[in-house]
1. Filter B:Lys367/B:Lys408; B:Lys367/B:Lys436; A:Lys205/C:Lys319; B:Lys37/B:Lys80 down to the pairs with a C-alpha to C-alpha distance above 27 Å, please.
2. Averaged over peptide A:250-258, how many Cβ atoms belonging to another chain are found within 10 Å of each residue's Cβ?
3. What residue among A:Met281, A:Thr243, A:Gly264 has its Cα farthest toward the positive end of the dipole of the stretch A:11-284, where the charges are +1 on Lys, Arg and -1 on Asp, Glu, each on the Cβ?
4. What chymotrypsin sites (Phe, Trp or Tyr not before Pro) does the stretch A:56-137 have in DSSP loop regions with at most 16 other beta carbons within 10 Å?
5. Any idea how far the Cα center of the stretch B:35-89 sits from the one of the stretch A:247-264, in Å?
6. Between C:Asn320 and C:Leu161, take the C-beta separation as r, use R0 = 35 Å, and let me know the FRET efficiency to the nearest 0.05.
7. For B:Asp237 and B:Asp165, calculate 0.36 nm times their separation in residues minus their Cα-Cα distance, and state this gained length in nm to one decimal.
8. At 7 Å along the Cα-to-beta-carbon direction for both B:Ser61 and A:Lys145, put a label point, then send me their distance in nm to one decimal.
Amino acid sequence: MIKKGKIKIPGIALFVIVLYILFCFIAQSFFSWYNFVLILRNSCTLLIVSLGMTWSILIAQTDLSVGSVMSMGAVMSAVMSNAGIPTVVIVICVLAMGVGVGSLNGILISKFKFDFWVTTFSTMSIFAGLALVIANGATVGFENKFYDFIGNATLPGGIYWLIIITALISGICIYVERNTEFGFNMFSVGGCESAAIDSGINVAKNQFLVYLFSGILSSISGILVAGMSNAGAPTVGVDYTFTAMAAVVIGGTPFIGGKGGIVGTIFGTLLLRILTSGLSMMGIAPTWQKAITGVIIVSLIVVDVVNENRVVKNGLRRIYTDAE
Amino acid sequence: MYRFNEENVILRMTDITKRFPGTLALDHVRLTCEKGKVHVLLGENGAGKSTLVKVVCGLYSLDEGTEWYDGKEVNFSNVKESMAAGIGMIHQELSLLPERTVAQNIFAGHEPMKRKGIIDIKKMISDSQAILDRLGLDYDPNALVKKLSIAQQQMVEVAKALSHDVKLLIMDEPTSSLTSKEIRTLFGIVRRLTAEGVAIIYISHRMEEIQEIGDCVTVMRDGQYIDTVDAKTATMDDLIAMMVGRKLGKMYERNFQKPEDIIFETRNLAGLRFKNVNISVRSGEIVSLYGLVGAGRSEIAMAAFGYDPIDEGTVLLFGKEIKHPTPYNCVKAGMGFLPEDRKTQGLHLAMPIADNVVEASLGKIFKRGFLNSKRENEIAEKYINDLKIATPGAEKLVGELSGGNQQKVVIAKWLATGCKFLIFDEPTRGIDVGAKSEIYKLMDTLVGQGYGILMISSDLQEVIGVSDRCYVMKDGLITGELEHQELTQERIMQFAFGGKGATE
Amino acid sequence: MQNKKQIINLASRFLILLILCVVMSFLRPDAFLTANNLRQVLLEQAPFTILISFGMSLCIISHGIDISLSSTMVLSAYLSANAFLNGKYFLGALIAIAVGGGFGALNGILISKIKVPAFIATYSVDFIALGLAYVICDGKYIYGFPDSFRALVTGELIPGLPNIALVTIVVFVILYVLTRFTNYGRGFYSIGHNATATKLSGIKADGIVCSVYIIGGLLAALTGVLYLARLNSADPSIRGTLTMDSLAASLIGGIPFSGGTGTLANTIAGAFIIVVIRNGMNILNVPTTWNQVVVGVVIVFSLFYEAFMDKMFVRLAAKNKTKEQAA
C-alpha cells in the first residue's frame, strides 16, 4: 500500500492506471474525455452492487443474491412505471424490496444459521425468477422522467448525474465503513469471529445488517440501471454477481475477509470496466471479451485465494525457540 | 505460609469448588490477591490454574465457595461483568486481528463513541497512545498488528486488557512466546502496573520468572490448593516438591525387557515449532515424550507422520528413510498415529465402530477393493472382545461411547493395520482410572510382542510408571533424556521447567 | 440407529414425492396421471436431471459442491457435436470424455491441491466453461444427428424402457456400488464426515476429492451427449436451471449440505420430486418464468426440513438414552 498522509492508496490503483495507459497506446480512440466519462458511467451500476458485496465478503461470507435483487429493482421500476404508479411510490417499493430480500438473507443466515452459500444461492434463484415473472419473460421498456434523468442526464461538460449519485453513495458507504461501530465490527467479525465474540461484539446483528445493506444497495443499482436503459430487463443482473465478486476480490478484500474495503472495490470495478472497454475498442467480439475477462477474473481470484492460504500457513510457521 | 496485608487485599477466593462431568476440577481452592502485588500460580498441566482464573473472571461459574472482590461478594455470570468490575484477562493464545491497527485492536468491541454508532477515531488513537505510554511502549497506534513481532503483539494484548479500567489483571503464560530480552520489557510493564496499585495473577511455569517478578506463589496440584509461599525465598526444589508430591499408585504394571533394534528414529528433525530433534524408539520399549503445553511434542508427531511439513532432517522407520512423509506412506511403512484429540482427529463420531476400526486397513483387509460388512463386523467384534470395549455391538456409533471406549476404538484401528511402531499422543487424557490401567496393560502387552511405542504425555505419573525411557521437551527443543531408573518427578520437571537449555 | 435414520429419511422423501403425485392427480388427473405423461416424465425427462444430480450429490456428500456441471455439459455437447454428426462415435465419445474429465480435473486440482474453496472454484470454472461454450457456439446451429445416434436416447434395448432410462440405471448401479461397497466409497464418505481424521488414517483424501469432481465432469459430459441425441440439436439453452435443479434435488432428496451421509437413492428421490414439480407446473399452465422461483423455494424448504429432522432425531436420541440409563 502506498500511504499519502492519511489516505491509503491501494496497490490496485497502480494497476488501474497502468492498464488505462496501456490501452491508450493499443487503441487510439481509447484516449479521450468522452471515453473516460463513458467508462465511469458504465462502472456505476457495478460499483453500487459491489459496495454491498464488499461488506458481505469482508465478514468472510458472500451475498450471491445481489444480481437478482438488481434485476428485481429494474423490472419493478419498469412495470410499475408503466402501470402509472407515482415515481416516489415506485422508489419506495423497490427499496422496500431490497430491505425485504436483505432481511430474509440476514435472518436465515444469522438467526437460523443456514449456510450462506446455499441460502444466498437460493434467494438469488428465487428473485431472478420473480424478476422474470414480473416482466413476463421479456425486457420491459418504459418512460419516466425521473429515471431518465438519473440515468442519462448530464451536467454541462459531459459528467453524468449518475456518476455524481454513485460517488455520493460510495462516499456515504466509505464513511460508514470507516467511522461507525457497524463498520469496525465488520472488520473484527471477518478478521476472527471468535476474537470478535470475546470482545463482546454482537456477531449475528452485524451479519444481519450486512445482508440488509447489501439488499438495499443492490435495489438502488436496479433503479439506476433501469434509468440508464429506460427499460427493465429481467436478466440484467445475471452476470453482476460474479463480476461484483471479482471487483471486490481484485480490489483487495479477500474471501477470508477481515481487511480491504470499499476504496479497493472502487478500483477493482474501474479495472474491470477499463478492461471491457479496452477489449471492445480493440475490436474483440463480445463473446471473446466475456471469455477473456472471465479467465482474467478467475486467475486473479485463484491467485488471491492461494496467496491468503500461504500467508496463513506462514503465520503458523514460527519456530518456537527464538534468538540464539 | 505467606502473610497477606489484609488492608490491601482486593480479591479473596475461598473454598472454590468446580465440577465438570467426570472430574473435580477445583477442590476447595483458595486464592488471595493484594493490590500492587504479583501473585504467581504454579502447577502442572491439569492442576487447575486456568480453571481457577476462569472462575475469577466469570468465564466459568463456581459450584461452591465465595468470591470476594473489591469490597463485596460477587458472582460473575459472564466476562463482560467482570470486565466492567475491573478484572482483565490476558489469555495464553493471542486473539488479535492481524489486519487492524494497534489502536483498533486495543479498543475492538468497545470503541469510544462520538454519538450513537459513530466512533471517535481521534479519541481512540489518543487513548491508545495514553495506554501505550503508560506501559512504556513506543509503538505507533496506527501500525498494523501483523507487522509487529510476536512479543510486541503480546504487549498489545496487555494494552488491550488495560483499555478497560483494570484493578486486577490475570496473565496466563504471558511469556510463552517471548525471548529473554522481550521478557525484560514485559516485566518492566508489570512493575509499572504494580506501582500503580494493580493486582496481578501471573500463571507461569518458568522458574526464573517466579523469583524475579513474583511476590508470592500459590502451588496447585490435581485441582487442590497446596500452599502459598514467598516467591523471593522459595527454592526450585521446594516448589517442585509441592507440585508433584503425590504417591504413585499401582496403576502401572510393566514387564520391562531388553529392547531390540531401533525401529523409529529422527535425525535433526526441524519443523513447525521444534528443531534439532533426535529421538529414537526401539522394538519392545515404550518411550515417552514429556513436556508442558506448547513445548512442541505433538508437532513432532504430526511432522513425522507426514501430516505437517518438515523443514529439516529425516525420519527413519525400520532403518529406512521415509523420503516424502505422508500419512499414506507412513502407514504403509508401518507407523501408526493416535492423535491428541481423538474426537476431531482420530475418529468419525457419526460412523459405527466397525467402520472406524477398519478405516486405516481397508487395503489390507479388502484386497480386491470391495467391502464386506460381515468381515468388518467380525474384525470389529474381535477387537471389541480383546480390548473389552463396552458396547452392545459393532454398529454402535462411536460418538455414543465413553471417552475410554472411544480411545480403545482408535487403538483397535491401529492394531488392525499391523503397524509395529505406534505414536500415542495423550492416550489417557479425559479417561477414567479403570480404562487408563487397561490401556497401560495393553501397551505393555504390545511392546512385549515387539511393538515400539512413542507416548506423548503431560501426565507425570503416567510417564514415570510406564516408560522405558523419557525425552523431555521445552520450548521446541529436547532438553533431556532419562532412562527408566533415572525417572523421578523432580528430574523430569527440572528439564521441563528450567533445566538445561533454558538459560539464554 | 444410524441405518434406521437413513431409511426413515429416504422413506420420508419418497413420501413427499407420493404426496406431490397425489396432489397433481387430484388437480389434473386427465393430464398428469396418464401412462404417457408419467412415462415421459419419469423415464425420458428425469434421467437428465438425475445424472447431473448424481454429480452434484457426490460432491455434496464429500463436503464440497460443483456449480459448473451444467456448463461442462453444454461445452462437452458442443465440442463433440460435429463428431457425432458425422457418425464418428468413438471420436465424439473421446472428445466428450476429455472435456468432461478435463474440467472435472480442473475443479479437482483447484479444490484438493490448491485448496480453493469449492464454491469459488466451481463458480469460476462454470463461468469459464459457459463463456467458452458461447464463443464456440457463436450462433451456429447444429442439427440433424444420425438415427443410430439418436437411438442412444430414444431407442429401447429393453422393450418398454427408453435407452436413456437404462443408461441412468446402469450409471446408478455402478456409482452406488462404488460409493457404498468399495474401499474407495468408504474413504469418500469418511472425507465427508471428517477430512482430517480420514487423512490421519492414511487415506489419500486429496486424490479421492479430485476424483469426485472428475466423475462429476464425466457425468456432465455423458448428459451433454444424451441431450444431443434427444433434442437432435446442439442448443446452449439446455443448461437451463440444471444447476439449481441438481442442488435442489440433492437437498430435498435428503442429502444434508454438511455432507457425510446420504446415498444416490436420495438423489433419485429428490430428482423425481423436482421433475414432478416441473411437470406439475407445466400441466397447470404456470408460466415457465416461475420455474426458478419454485426451485429456490424448494431449496429453502429443504434447509428448514433438514433442521426440523435434525431436531426430531436429537429428541429421539435423548429419549433413547434416558431409556438406556433407566434400564
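1. Values: B:Lys367/B:Lys408 25 Å; B:Lys367/B:Lys436 35 Å; A:Lys205/C:Lys319 35 Å; B:Lys37/B:Lys80 24 Å.
From B:Lys367/B:Lys408; B:Lys367/B:Lys436; A:Lys205/C:Lys319; B:Lys37/B:Lys80, over 27 Å: B:Lys367/B:Lys436; A:Lys205/C:Lys319.
2. Details: counts 0, 0, 0, 0, 1, 4, 1, 1, 4.
What the average comes to for A:250-258 is 1.
3. It is A:Met281.
4. Values: sites: A:Phe112, A:Phe114, A:Phe116, A:Trp117, A:Phe121, A:Phe127; in loops: A:Phe112, A:Phe114.
Sites meeting the loop and neighbour criteria: A:Phe112.
5. 40 Å
6. Working: r = 43 Å, r/R0 = 1.24.
Working from the Cβ atoms, E equals 0.20.
7. 22.1 nm
8. Distance between the two pseudo-spin positions: 6.7 nm.
Read-outs throughout are calculated quantities, based only on the coordinates presented, and are distinct from any laboratory measurement. As the structure is a prediction and not an experimental result, all values here were calculated from the model. Neighbour counts run over all protein chains shown; Cβ positions are idealised from the backbone, glycine included.
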